[in-house]
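Note sheet for the following structure.
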Number of protein chains: 2
Amino acid sequence: MVKKKDQSTEERILASAKKIFVEKGMAGARMQDIADDAGINKALLHYYFRSKEKLFEVIFKEAAARLFPTIVNILNADLPLFDKLRRFTNDYLEIVIENPYLPLFVLNEINKQPHAFSKKVFGNNRPPIHKLAEQIEKEIRKKTIRPISPAHLVMNMMSMCVFPFLGKPMIQLSMNIDDAQFRNLMEERKTMIADFIIASIKK
Amino acid sequence: MVKKKDQSTEERILASAKKIFVEKGMAGARMQDIADDAGINKALLHYYFRSKEKLFEVIFKEAAARLFPTIVNILNADLPLFDKLRRFTNDYLEIVIENPYLPLFVLNEINKQPHAFSKKVFGNNRPPIHKLAEQIEKEIRKKTIRPISPAHLVMNMMSMCVFPFLGKPMIQLSMNIDDAQFRNLMEERKTMIADFIIASIKK
DNA sequence: GTCTATAACTCGATAGAC
DNA sequence: GTCTATCGAGTTATAGAC
């Protein structure tokens, strides 16, 4: 990174902070690392963002804002079940392929303070998983899909979308593949996951 | 925790260290927190384990030792594919249901130092995923299952087993369930995941 | 806005009494 | 083995010059 003249100081700080926080987490990150990466002085960080905590919050909120709204929109969308599955897996993967480190970053901070988090990101409305669950139950009653617990089906879908990004380094180690190959695999999953699910539940 | 008289000091330290490290990660944990939780003095931690890093290593190795060997054994086992799937999902879930915070803990430390980790845990042999992959290819050739990329199939299985534990707090938030209900769901997954996979790939 | 210098504080680690 | 007290390194945060 270091000294991109086409960016404002504030932008460079944000870019570097994102990089360092995502890499090391809130506790592991040093203001010095961020300053160095941005090619500026430590004091400037405080000039722009007052404290490490405040800076972190900005980064975290942006990360959460990138991950959640799309998900929520799709879950709420008025679409046939199979279309919704395809749309969800495709759109979610599209986002995280471009931001492969976001899921672990966000997940970790949620785990460190579940309650503070839930209010910050969701306000008072929980993520509308029940909408999708109801839709699944309806299809079961119509016998267009085999009986399956909606909770598990949703969890399966989420799992297959998110996990590879959480376990990226371990997957790369055990499969012996580089970043480009990993990315290719994830591109394939955009359609593969929905195919896999539908093959399992379709009657 | 604090002062369980039936445990030796060393055992209390280990129990508290595990709790704190798992909760906050290596960087976020404080020796003071561990000492407080164990009901002893900071200096004693150093008396028993010399340094924070050494203490962490003990905890981490134990965690990894609890997670990986079983997995490796099952992957290497000489079993028909469907039996192996059932066995893997069942046995893996059995372990993590009793240690729901291990997966995130281990995953995080892997992400922070992928190479150091790989040597520590696997030595020079990678996790034998290719064995399972070959077995899948064989079944495809025999036409007992439909054609599917072995890499994706393995990833799907892993995802559905591991993810719920990584995302536990988020899942509990969005489904509005407590620890007991979560545990019940995970018990169901012991058989549900294999059923789900087999329904998708069986011819 | 940006820098240097330094204050204020946190935390891992050690010394030394009991 | 266990404690109190303290050191010293490393970090966040601020003061003040330019």
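The values are calculated or read from the model by the stated rules, or taken from the named source; none is laboratory data. Please read all numbers here as calculations on a predicted model, not as lab measurements. Virtual Cβ from ideal backbone geometry, glycine too; neighbours counted across all protein chains shown.
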- Query: What is the one condition in (1) farther than 21 Å from A:P103 by Cβ; (2) in contact with a Phe, Trp or Tyr (Cβ under 7 Å, 6 or more places away or on another chain) that B:I148 does not satisfy?
  - Reply: (2)
- Residue match in segment A:21-35 (condition: within 17 Å of the chain's Cα centre (by Cα) and of a type in the set (S, T, N, Q)): no
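List the helices (runs of 4 or more DSSP H) that sit entirely inside segment B:78-148 and contain at least 2 residues that are surrounded by fewer than 18 Cβ atoms within 10 Å (Cβ to Cβ). Break it down into steps so the answer makes sense when it comes.
Values: elements: B:81-98, B:102-112, B:114-122, B:129-141.
By residue number, B:81-98, B:114-122, B:129-141.
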- Item | Members of segment B:27-57 found to be more than 9 Å from DNA strand C (Cβ to nearest atom), surrounded by 15 or more Cβ atoms within 10 Å (Cβ to Cβ) and under 27 Å from A:M170 (Cβ atoms), listed by number | B:F56
- Message: Take the residues in segment A:1-26 that are acidic (D, E) and either in contact with a Lys or Arg (Cβ under 9 Å, 6 or more places away or on another chain) or modelled with pLDDT of 95 or more (or both); name whichever of them is surrounded by the most Cβ atoms within 10 Å (Cβ to Cβ).
- Response: A:E23
- Query: Just for segment B:156-203: of the residues that are small (G, A, S), at the interface with another protein chain (Cβ under 7 Å from one of its Cβ atoms) and assigned to a helix (DSSP H, G or I), which one is nearest to A:A151 (Cα to Cα)?
  - Reply: B:S174
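Inspect segment B:36-53 for any residue being closer than 18 Å to B:N108 by Cα and at pLDDT 95 or above and give the result as yes or no.
From segment B:36-53, those closer than 18 Å to B:N108 by Cα are B:52-53; that's our starting set.
Filter again for at pLDDT 95 or above, leaving B:52-53.
Yes, segment B:36-53 has at least one match.
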- Residues that are more than 9 Å from DNA strand D (Cβ to nearest atom) and within 27 Å of B:K24 (Cα to Cα), drawn from segment A:29-46: A:D36, A:D37
- Scanning segment A:15-55 for residues that are part of a helix (DSSP H, G or I), without any contact (Cβ under 8 Å) to a residue 40 or more places away in the chain and β-branched (V, I, T) gives A:I20, A:I34
- Message: So in segment A:63-76, with the set limited to residues that are surrounded by fewer than 15 Cβ atoms within 10 Å (Cβ to Cβ) and over 11 Å from the mean Cα position of the chain (by Cα), which one is nearest to DNA strand C (Cβ to nearest atom)?
- Response: A:N73
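Out of B:F21, B:F49, B:F68, B:F60, I need the residue that is away from every other protein chain (no Cβ under 14 Å) and more than 16 Å from DNA strand D (Cβ to nearest atom). Which one? Please lay out each step first, then the result.
Values: B:F21 fails: away from every other protein chain (no Cβ under 14 Å); B:F49 fails: more than 16 Å from DNA strand D (Cβ to nearest atom); B:F68 fails: away from every other protein chain (no Cβ under 14 Å).
When all the criteria are applied, what remains is B:F60.
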- Would you confirm whether any residue within segment B:159-170 is closer than 15 Å to A:S200 by Cα and among the aromatic types (F, W, Y)? no
- Query: What do you reckon, is A:L166 in the same structural domain as A:D91 (by TED's automatic domain parsing) and touching a residue at least 12 places away in the same chain (Cβ under 8 Å)?
  - Reply: yes
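Conditions tested, residue by residue: (1) within 17 Å of the chain's Cα centre (by Cα); (2) of a type outside the set (V, I, T).
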residue	(1), (2)
A:A116	no, yes
A:E139	no, yes
A:N156	yes, yes
A:S159	yes, yes
A:I177	no, no
A:M192	no, yes
A:K203	no, yes
